[in-house]
Amino acid sequence: LTSRAERLVIRAAFDGVLISWGREYHAGRWVSGQELLGQIARPGRFDIIAVVAEDDRRRLAPQARARFIPDDALSPSRRARVSEVGNAAIQQLDQPLLASINGGAVAVRQESDGRLRPEQTLYPVTLEVPIDGGEHAALRTQTGEVAISASGESLLARGIGQGRGRVRSEAGRC
């Protein structure tokens with residue numbers, strides 16, 4: 001009985017500060033394990049979840065400098081640093097605000113079960129934004145663009161790489 005009660009306690013995946021909470025939630029209300037109940041910010045940093053195309057992923061590296069430019073012109077841009085570049089392509093878009101069907105920049109198709117599938121191969125990139133301690137209250141989910149310092153690549157090198165990929169894939173079909 002104690003272990004059952006333990007499973008009903010809501011816990012975040014990390015320590016942080018609760019910066020928003022849905023008004024529709026109250027004591028005694030049952031929720032599913034998949035529902036977003038609120039947003040938690042880590043003390044001293046704010047995470048940005050971005051997606052990049054397959055061709056750009058290999059040019060990115062952890063610790064690369066970046067800048068987040070919000071779509072909201074009244075919000076300031078923020079410096080950031082790449083903390084992780086995903087190795088596996090995303091199978092579904094977990095941020096509905098980014099989906100083209102919701103006015104976002106990521107082209108998706110909506111499956112019959114409601115999942116949002118990207119139309120092209122995309123990889124997740126996590127960035128950290130350093131923040132002051134008192135800034136948590138002003139933070140909220142925002143959409144925008146991220147400019148990341150990446151290794152350079154000439155158009156010729158990109159074209160040769162794509163040509164080799166096509167030759168390999170065609171040779172594999174013989």
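The values are calculated or read from the model by the stated rules, or taken from the named source; none is laboratory data. Only a predicted model underlies this, so the values are computations on that prediction, with no experimental measurement involved. No Cβ is skipped: glycine too gets one built from the backbone with ideal geometry, and neighbour counts run over all protein chains shown. Ligands, DNA and RNA are stripped out before the accessible areas are found, and what is left, the full protein with its side chains, is counted by its heavy atoms. Shrake-Rupley method; radii C 1.70, N 1.55, O 1.52, S 1.80 Å.
Descriptive notes on the structure:
- The value obtained for segment 59-114, namely the Cα convex hull volume divided by the number of residues, is 114 Å³ per residue.
- Counting 0.36 nm for each residue step from Thr126 to Ser100 and taking away their Cα separation leaves a gain of 7.3 nm.
- Computed on protein heavy atoms with a 1.4 Å probe, the accessible areas place Phe46, Phe14 in the order Phe14, Phe46, largest first.
- Between Ala88 and Arg7, the C-beta separation translates, for a Förster distance of 30 Å, into a calculated FRET efficiency of about 0.55.
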